[in-house]
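Input: a single structure, listed below in C-alpha cells.
Every number here is computed from the coordinates shown, using simple stated rules; none is lab data. This one's a predicted model, so the numbers in the text were calculated from it and none came from an experiment. Note that each Cβ is placed from the backbone with ideal geometry, even for glycine, and that neighbours are counted across all protein chains shown.
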C-alpha cells in the first residue's frame, strides 16, 4: 500500500463516507477513489461490515455499542511520526496529540518555537508553538500549499484583511498569494500550538 492511499485510509474520510456525513462532492470523490484503488474499496467494505454488525445487535444497549465501536475505529487510526497522514479537514486531533506527546521545540525566537517533524522533498510538517504573532507575505501558488491543524489554544488570522478565529481541533488552509498574520489569542495558555504543513505544488 503506497503512502498516499495509507494517508487517505487513516484520515477518517472513509468513516465519514460510510456514515454519510461528507459533503456531496467529497462523497463522489471517495467513491471515485474506491473504484481506482482496491485497498480503499476494501477498507470501505470493512467499515460497512462493522456497521452491519452493530445493526444486528440487540437494541437495548445499541447506543453504547455504537459509541464503543466508534472509539475502536478511532483507535485504529492512531499513527507514529514515522508514518503520519497529511493533515486535512478530517485530521484526527487526538491521534496527532498522542503522536507528538513529549516533543519539545528545537528552534526558538521571541514570538514562536518550532520543531520540524518531517522534511521530505515535497512535504514538510512542523510542530509550532506561537506565543505572539507570525507575519508572512503571500506564498506563491506555484511554490507550496500551507495548512494548519490547531492542537491547543486559539488563534486569530488576518488573511489580507479577512479575519478568522480558530481553536483546538480546527483545520485551515492559507490562501495562496495572500499576506497573512496569525496571532495567539489563547486565554488559558501562553501559546497556540499546532501542526503546520507545507506541500509542494
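Here are some notes:
- Separation of the residue 188 and residue 107 label points, Cα + 7 Å toward Cβ, nm: 3.1 nm
- Sequence-distant contacts, meaning Cα pairs under 8 Å at least 6 residues apart, place the relative contact order of the chain at 18 percent.
- To the nearest ten degrees, helix 38-55 and the longest principal axis of the Cα atoms of the chain are 60 degrees apart.
- Debye log10 I(q)/I(0) at q = 0.13 Å⁻¹ for the chain, Cα point scatterers: -0.81
- Over all distinct Cα-Cα pairs of segment 100-200, the Kirkwood formula returns a hydrodynamic radius of 13.8 Å.
- Simple spin-label estimate for residue 135 and residue 86 in nanometres, 7 Å along Cα-Cβ: 3.2 nm
- Computed E for residue 115/residue 53 - FRET, C-beta separation, R0 41 angstrom, nearest 0.05: 0.50
- Mean separation of Cα contacts under 8 Å, 6 or more apart, over the residue count of segment 100-200: relative contact order %: 33 percent
- Ranked by how many other beta carbons lie within 10 Å on average, peptides 146-155, 172-181, 22-31 from highest: 146-155, 172-181, 22-31
- Spacing of the modelled spin labels on residue 165 and residue 45, each 7 Å from Cα toward Cβ, amounts to 4.8 nm.
- Residues of segment 124-143 with an amide N closer than 11 Å to a point placed 7 Å from the Cα of residue 158 along the Cα-to-Cβ direction: 134-136.
- FRET efficiency, residue 181 to residue 2 (Cβ-Cβ, R0 30 Å, nearest 0.05): 0.20
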